[in-house]
Amino acid sequence: MLSLISNRRSEPGLVSGRARLYVLIPSLSGGGAERVALALLKGLNRELYSITLVTLTGGTEGVALPDDVSVISMRSRSFTFALPSLAKLFRRSPPDLLLSHMSLPNAWAVFARGLARRRFPIVCVEHTVPSAAYSQGTRAHAFLPMIIRATYRSADAVVASSKNTAEDLVSVAGLSRSRVKVIENPVLSAEIEQLASEPPPHPWLRSDDVDVVLAVGRLVPAKDYPLLIRAFREVLDRHPRARLLILGEGAQRAGLEDLVAQLELLDYVSLPGWAENPYSAMSRAAVVAVSSRFEGGPSTLIEAIACGARVVSTAVGVAPEVLQNESLGNLVEPGDREALVDAITQQLMGEGSPPPAVESVARFRCDVSVTAYDALIESLLERTPGDFAVAPSGVER
C-alpha cells in the first residue's frame, strides 16, 4: 500500500517549468546517509526543479523538512515489499530524475524503473565501502555486491562519497573509474558554529571535574562500540577523570548496556540516546572518538574537527585523508584495542596531535557539495529521454 503525505501540495513534484526530482532513501531516522539526504533536500536548486522525498520503510516523523518538499512514505514492512510499490510509483508518476541513496535502495531504483518501463535518469549515491560493509553483515548482505554489480552499471551516474568508496565500487561493480564521480558529503552546515555554542546535552559536558570521550552515531555493528567500551575500561585505569558518552540509538543498545554493566562502568559510561544537536557536545568533549570497522565518511570526524575537537579515529573512509597522516589527529587500525587505548589516553593527556584547524575540512561544507550535485543533475536533465536505460543491461554502457 502506497501512502502519500504531501507538504503544501496534493501531487508531488508537479510545478510548472521545473523538473521533478525524487530523492529516495529508506527513512530519515539517524545515520550519516540520512543527514546527507536531508542536507540536499534543504540545499538543492529550487529554481530548476521541485523535490519529492520518497522513503521506503520509514516516515519522516520528528524531522524538520523544508516546507516545499513533498513526501511519499511507502512504509513497507521490508525492502522486499518496497520494490513493487516503487515500480508502481514510477509507472504512475515518474520523476524527471531520481537521486537515490544507499546500496539496496539504489538497486531497487534501477529494478523498479525497468519494471515500470519508464525512461528517466537515476543517480546512485554510495555512502559506504561495499566490500567492507557487506563482508561483515548477514547472509543476505553477502548478496549485495552481486546486486550492486547487476544494477549500478545501468545507473546514469554513480556518486561515491570518498575516493576510497570510489575505488571499491570500481572493483565491486565492475565500473570504469571514469564512471564514478566523487562528491564529498555535505556535512558542515552554515549553522554549525551557532549549534556548537548551544548548551550541551549531558551534565558531564557541563562539568570541569571530568574529561569526556565522545562518540556519535547509530548503535550498530559497523561502529564497533563494544571495542570502544572495552578500550575505555583501560583508558579509565590510566585517566580516572575520563567518562565515555555515546550519543546514538540502534539495535545494539541492549547488548552495549549489558557490556557496560559487565565491565562495572555504569558510573563512567552513558548512552543517553540520540541528540538533536551533537555539535554542542563535540565542542566541549575532551576527545571525539571514532571506532568504526568501516565507513564511507565518517561524518562525525569531520563535524568534530569543525567544532574544534581533538580527534581519534580508526583508519576508515576518508579519515586518513582528513587527518593528513596523523598530523591533525590520531589514527589507529580498525579492531586494534591497544592502539585505541593509547591514542585516546594521549589525547586526554594533551600529548596527541593538536586540535586541527577548521579550514582543513572546508571542502565538506554543504554549499560546496550541493553545488556539485546541482551541476551533475543539470547535466543529466539536459540529455534526452532516449538516452536513459529502461532495465538493467548487465553490461557497461
Residues satisfying the stated conditions in region 35-81, i.e. within 20 Å of residue 97 (Cα to Cα) and of a type in the set (Val, Ile, Thr)
36, 51, 52, 54, 55, 69, 71, 72
Among the residues of region 175-186, are any in contact with a helix residue (DSSP H, G or I) (Cβ under 9 Å, 6 or more places away or on another chain), outside any loop (DSSP other than H, G, I, E, B) and β-branched (Val, Ile, Thr)?
yes
Can you confirm whether region 299-316 contains a residue that is touching a Lys or Arg at 6+ places or on another chain (Cβ under 7 Å), of a type outside the set (Val, Ile, Thr) and part of a loop (DSSP other than H, G, I, E, B)?
no
Pairs under 7 Å by beta carbon, first residue more than 16 Å from residue 343 (Cβ to Cβ) and modelled with pLDDT of 95 or more in region 232-246, partner of a type in the set (Ser, Thr, Tyr) and not in a loop (DSSP other than H, G, I, E, B), six or more apart or different chains?
245/270; 246/225
Taking residue 258 as the residue in question, decide whether it is surrounded by fewer than 18 Cβ atoms within 10 Å (Cβ to Cβ), acidic (Asp, Glu) and not in a loop (DSSP other than H, G, I, E, B).
yes
All conditions in (1) closer than 24 Å to residue 28 by Cβ; (2) part of a helix (DSSP H, G or I) are true of residue 215 except (2)
Name the residues in region 150-173 that are part of a helix (DSSP H, G or I) and of a type in the set (A, V, I, L, M, F, W, C), would you?
150, 166, 169, 170, 172, 173
Looking only at region 293-306, count every residue that is more than 21 Å from residue 183 (Cβ to Cβ) and in contact with an Asp or Glu (Cβ under 8 Å, 6 or more places away or on another chain) and tell me the total.
1
All positions within region 261-279 that are assigned to a helix (DSSP H, G or I) and either surrounded by fewer than 21 Cβ atoms within 10 Å (Cβ to Cβ) or in contact with a Phe, Trp or Tyr (Cβ under 6 Å, 6 or more places away or on another chain) (or both):
261, 262
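The values are calculated or read from the model by the stated rules, or taken from the named source; none is laboratory data. Since we're looking at a predicted model, the values are computed, not measured. So basically every Cβ, Gly included, is an ideal-geometry build from the backbone, and we count neighbours across all protein chains shown.
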